[in-house]
Amino acid sequence: MTQGIRAQQREQTRQALVREGRRLFSALGYGSVGLSEIVRAAGVTKGALYHQFSGKADLFRAVLEQVQQEVAERIAETADVREDPWEQLVSGCQAFLTVSTDPAIQRIMLVDGPAVLGWSEWRAMNETTSGRHLAQVLGDLIAEGRIAAQPVEPLTHLLSGAMNEAALWLAASAGPGDLDATQAALVAMLEALRVR
(Lines give C-alpha, C1' and ligand atoms only; values in the text may rest on other atoms or scores of the structure.)
Protein backbone atom coordinates (compact mmCIF):
# COMPACT_ATOMS: atom_id res chain seq x y z
CA MET A 1 0.00 0.00 0.00
CA THR A 2 2.85 2.42 0.88
CA GLN A 3 4.48 1.75 -2.53
CA GLY A 4 1.22 2.71 -4.23
CA ILE A 5 0.99 5.98 -2.29
CA ARG A 6 4.62 6.83 -3.06
CA ALA A 7 4.11 6.11 -6.73
CA GLN A 8 1.05 8.34 -6.72
CA GLN A 9 2.99 11.13 -4.99
CA ARG A 10 5.83 10.81 -7.49
CA GLU A 11 3.36 11.06 -10.35
CA GLN A 12 1.68 14.11 -8.78
CA THR A 13 5.09 15.74 -8.38
CA ARG A 14 5.96 14.97 -12.00
CA GLN A 15 2.65 16.38 -13.22
CA ALA A 16 3.12 19.56 -11.15
CA LEU A 17 6.62 20.06 -12.56
CA VAL A 18 5.49 19.51 -16.14
CA ARG A 19 2.44 21.75 -15.67
CA GLU A 20 4.41 24.61 -14.12
CA GLY A 21 7.36 24.12 -16.46
CA ARG A 22 5.01 24.34 -19.41
CA ARG A 23 3.34 27.46 -18.06
CA LEU A 24 6.67 29.20 -17.44
CA PHE A 25 8.38 28.03 -20.65
CA SER A 26 5.44 29.18 -22.76
CA ALA A 27 5.20 32.56 -21.03
CA LEU A 28 8.88 33.41 -20.70
CA GLY A 29 10.80 31.07 -22.98
CA TYR A 30 13.20 28.32 -21.98
CA GLY A 31 16.23 30.57 -21.57
CA SER A 32 14.46 32.95 -19.17
CA VAL A 33 13.22 30.30 -16.73
CA GLY A 34 15.35 29.02 -13.87
CA LEU A 35 14.95 25.77 -11.97
CA SER A 36 14.28 27.69 -8.75
CA GLU A 37 11.33 29.38 -10.39
CA ILE A 38 9.91 26.07 -11.61
CA VAL A 39 10.20 24.23 -8.29
CA ARG A 40 8.77 27.21 -6.40
CA ALA A 41 5.77 27.34 -8.76
CA ALA A 42 5.28 23.57 -8.49
CA GLY A 43 5.61 23.66 -4.70
CA VAL A 44 8.40 21.08 -4.60
CA THR A 45 12.13 21.00 -3.85
CA LYS A 46 14.98 20.90 -6.33
CA GLY A 47 15.67 17.41 -5.04
CA ALA A 48 12.17 16.37 -6.10
CA LEU A 49 12.80 17.80 -9.55
CA TYR A 50 16.09 15.91 -9.85
CA HIS A 51 14.32 12.74 -8.72
CA GLN A 52 12.03 13.09 -11.75
CA PHE A 53 14.28 14.74 -14.34
CA SER A 54 18.01 15.03 -14.96
CA GLY A 55 17.70 18.80 -15.27
CA LYS A 56 15.88 21.66 -16.97
CA ALA A 57 16.40 20.31 -20.49
CA ASP A 58 14.94 16.94 -19.49
CA LEU A 59 11.89 18.67 -17.98
CA PHE A 60 11.55 20.72 -21.16
CA ARG A 61 11.67 17.48 -23.20
CA ALA A 62 8.70 16.16 -21.19
CA VAL A 63 6.82 19.44 -21.76
CA LEU A 64 7.56 19.32 -25.49
CA GLU A 65 6.40 15.70 -25.70
CA GLN A 66 3.14 16.69 -24.05
CA VAL A 67 2.64 19.66 -26.40
CA GLN A 68 3.47 17.63 -29.51
CA GLN A 69 1.10 14.87 -28.44
CA GLU A 70 -1.72 17.36 -27.86
CA VAL A 71 -1.13 19.01 -31.23
CA ALA A 72 -1.10 15.60 -32.96
CA GLU A 73 -4.35 14.64 -31.23
CA ARG A 74 -6.05 17.88 -32.27
CA ILE A 75 -4.90 17.42 -35.86
CA ALA A 76 -6.05 13.78 -35.90
CA GLU A 77 -9.44 14.71 -34.42
CA THR A 78 -9.95 17.27 -37.17
CA ALA A 79 -8.72 15.01 -39.97
CA ASP A 80 -10.50 11.88 -38.77
CA VAL A 81 -13.89 13.57 -39.11
CA ARG A 82 -13.34 13.24 -42.85
CA GLU A 83 -13.61 9.86 -44.53
CA ASP A 84 -11.79 10.76 -47.73
CA PRO A 85 -7.97 10.59 -47.35
CA TRP A 86 -7.50 13.72 -49.48
CA GLU A 87 -9.86 15.69 -47.27
CA GLN A 88 -8.05 14.26 -44.22
CA LEU A 89 -4.76 15.58 -45.57
CA VAL A 90 -6.11 19.05 -46.31
CA SER A 91 -8.07 19.44 -43.07
CA GLY A 92 -5.21 18.02 -40.99
CA CYS A 93 -2.69 20.44 -42.52
CA GLN A 94 -5.05 23.36 -42.00
CA ALA A 95 -5.62 22.25 -38.40
CA PHE A 96 -1.87 22.27 -37.80
CA LEU A 97 -1.66 25.89 -38.91
CA THR A 98 -4.64 26.84 -36.76
CA VAL A 99 -3.31 25.08 -33.66
CA SER A 100 0.12 26.58 -34.26
CA THR A 101 -1.22 30.11 -33.98
CA ASP A 102 -1.32 29.60 -30.20
CA PRO A 103 1.75 31.55 -28.98
CA ALA A 104 2.45 29.03 -26.20
CA ILE A 105 2.55 26.18 -28.69
CA GLN A 106 4.72 28.18 -31.10
CA ARG A 107 7.27 29.03 -28.43
CA ILE A 108 7.57 25.52 -26.99
CA MET A 109 7.17 23.43 -30.13
CA LEU A 110 8.63 25.54 -32.91
CA VAL A 111 11.04 28.02 -31.34
CA ASP A 112 12.53 26.53 -28.17
CA GLY A 113 12.09 22.86 -29.10
CA PRO A 114 14.71 22.72 -31.86
CA ALA A 115 16.95 25.23 -30.06
CA VAL A 116 17.00 23.41 -26.71
CA LEU A 117 17.04 19.78 -27.84
CA GLY A 118 18.77 20.18 -31.18
CA TRP A 119 17.24 19.75 -34.60
CA SER A 120 17.77 15.98 -34.82
CA GLU A 121 16.10 15.14 -31.52
CA TRP A 122 13.29 17.64 -32.11
CA ARG A 123 12.66 16.19 -35.57
CA ALA A 124 12.64 12.61 -34.24
CA MET A 125 10.08 13.59 -31.60
CA ASN A 126 7.92 15.28 -34.23
CA GLU A 127 8.06 12.20 -36.45
CA THR A 128 6.52 10.04 -33.72
CA THR A 129 3.47 12.31 -33.43
CA SER A 130 2.04 14.52 -36.17
CA GLY A 131 4.80 13.57 -38.61
CA ARG A 132 3.66 9.95 -38.42
CA HIS A 133 0.08 10.95 -39.26
CA LEU A 134 1.20 13.09 -42.18
CA ALA A 135 3.37 10.28 -43.60
CA GLN A 136 0.50 7.80 -43.23
CA VAL A 137 -2.03 9.87 -45.15
CA LEU A 138 0.51 10.78 -47.85
CA GLY A 139 1.40 7.10 -48.22
CA ASP A 140 -2.28 6.21 -48.54
CA LEU A 141 -2.83 8.87 -51.21
CA ILE A 142 0.22 7.71 -53.17
CA ALA A 143 -0.94 4.09 -52.94
CA GLU A 144 -4.36 5.13 -54.25
CA GLY A 145 -2.75 7.02 -57.15
CA ARG A 146 -4.17 10.36 -55.97
CA ILE A 147 -0.66 11.74 -55.53
CA ALA A 148 1.99 10.78 -58.09
CA ALA A 149 4.17 7.83 -57.10
CA GLN A 150 7.16 9.06 -55.13
CA PRO A 151 9.02 8.34 -51.89
CA VAL A 152 6.86 9.31 -48.91
CA GLU A 153 9.66 10.38 -46.57
CA PRO A 154 11.02 13.37 -48.56
CA LEU A 155 7.50 14.56 -49.34
CA THR A 156 6.56 14.36 -45.65
CA HIS A 157 9.62 16.38 -44.66
CA LEU A 158 8.99 19.00 -47.34
CA LEU A 159 5.38 19.53 -46.33
CA SER A 160 6.19 19.46 -42.63
CA GLY A 161 8.97 22.00 -43.11
CA ALA A 162 6.72 24.28 -45.15
CA MET A 163 4.01 24.15 -42.50
CA ASN A 164 6.47 24.75 -39.65
CA GLU A 165 7.88 27.77 -41.49
CA ALA A 166 4.37 29.07 -42.16
CA ALA A 167 3.51 28.66 -38.46
CA LEU A 168 6.61 30.65 -37.48
CA TRP A 169 5.73 33.35 -39.99
CA LEU A 170 2.18 33.51 -38.62
CA ALA A 171 3.63 33.98 -35.13
CA ALA A 172 5.32 37.19 -36.27
CA SER A 173 2.60 38.45 -38.60
CA ALA A 174 0.07 41.01 -37.53
CA GLY A 175 -2.47 40.79 -40.32
CA PRO A 176 -5.96 39.62 -39.35
CA GLY A 177 -6.33 37.63 -42.57
CA ASP A 178 -2.88 36.03 -42.53
CA LEU A 179 -4.07 32.65 -41.23
CA ASP A 180 -6.76 32.40 -43.92
CA ALA A 181 -4.30 33.48 -46.62
CA THR A 182 -1.71 30.98 -45.42
CA GLN A 183 -4.24 28.16 -45.34
CA ALA A 184 -5.37 29.04 -48.86
CA ALA A 185 -1.77 29.00 -50.07
CA LEU A 186 -1.25 25.64 -48.37
CA VAL A 187 -4.32 24.17 -50.08
CA ALA A 188 -3.06 25.45 -53.46
CA MET A 189 0.32 23.83 -52.77
CA LEU A 190 -1.34 20.54 -51.83
CA GLU A 191 -3.58 20.66 -54.92
CA ALA A 192 -0.43 20.83 -57.06
CA LEU A 193 0.45 17.35 -55.76
CA ARG A 194 -2.91 15.90 -56.68
CA VAL A 195 -3.18 13.65 -59.74
CA ARG A 196 -6.04 14.78 -61.96
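The values are calculated or read from the model by the stated rules, or taken from the named source; none is laboratory data. Quick caveat, the model's predicted, so the values are computed rather than measured. Cβ: placed from backbone, ideal geometry, glycine included. Neighbour counts: every protein chain shown. Note: areas computed on protein heavy atoms with side chains; ligands, DNA, RNA excluded. Shrake-Rupley method; radii C 1.70, N 1.55, O 1.52, S 1.80 Å.
Explain nothing, just the number: relative contact order of the chain, from Cα pairs under 8 Å at least 6 residues apart, as a whole percent.
On the way: 167 pairs, mean separation 39.7, N = 196.
Relative contact order, the chain: 20 percent.
Using the Cβ-Cβ distance between Asn164 and Arg82 with R0 set to 25 Å, the FRET efficiency works out to roughly 0.65. Gyration tensor over the Cα atoms of the range 1-95: the corresponding equivalent ellipsoid has semi-axes (square roots of 5 times the eigenvalues, largest first) of 34, 18, 9 Å. By the Kirkwood approach, averaging reciprocal distances over each pair of separate Cα atoms, the range 63-108 gets a hydrodynamic radius of 10.8 Å.
Quick check: Cα centre of the range 157-196 to Cα centre of the range 41-98, how many Å? Taking the Cα centre of the range 41-98 as reference, the centre of the range 157-196 is 20 Å away. 3J(HN,Hα) along the range 181-196: 5, 5, 5, 5, 5, 5, 4, 4, 5, 5, 4, 5, 7, 6, 7, 9 Hz, from the Karplus curve 6.51 cos²θ - 1.76 cosθ + 1.60 with θ = phi - 60°, whole Hz, x for Gly and Pro. Distances over 26 Å make up what percent of all Cα-Cα pairs in the chain? The calculated P(r) of the chain puts 41 percent of pairs beyond 26 Å. Taken along the Cα-to-beta-carbon direction at a fixed 7 Å, the label points for Trp119 and Ser36 span 3.6 nm. With the simple spin-label model, which puts each label point 7 Å out from Cα in the Cβ direction, the Ala148 to Ala27 separation comes to 5.1 nm. Report the far tail of the P(r) of the range 95-196, meaning the percent of Cα-Cα pairs longer than 20 Å. Of all Cα-Cα pairs in the range 95-196, 42 percent lie more than 20 Å apart.
Computing FRET efficiency as 1/(1 + (r/R0)^6) for His51 and Ile5, where r is the C-beta to C-beta distance and R0 is 22 Å, gives about 0.90. Close amide H contacts of Ile147 (hydrogens built in the peptide plane, cut-off under 5 Å, sequence separation of 5 or more or a different chain): Ile142, Val195.
Only loop residues by DSSP count here, and only those with at most 16 other Cβ atoms within 10 Å; note down the GluC sites (Glu not before Pro) in the range 1-85 that meet that.
Values: sites: Glu11, Glu20, Glu37, Glu65, Glu70, Glu73, Glu77, Glu83; in loops: Glu83.
Answer by residue number: Glu83.
What does the accessible area per residue of the range 5-130 come to in Å², with a 1.4 Å probe and no ligands, DNA or RNA counted? For the range 5-130, the per-residue accessible area is 48 Å².
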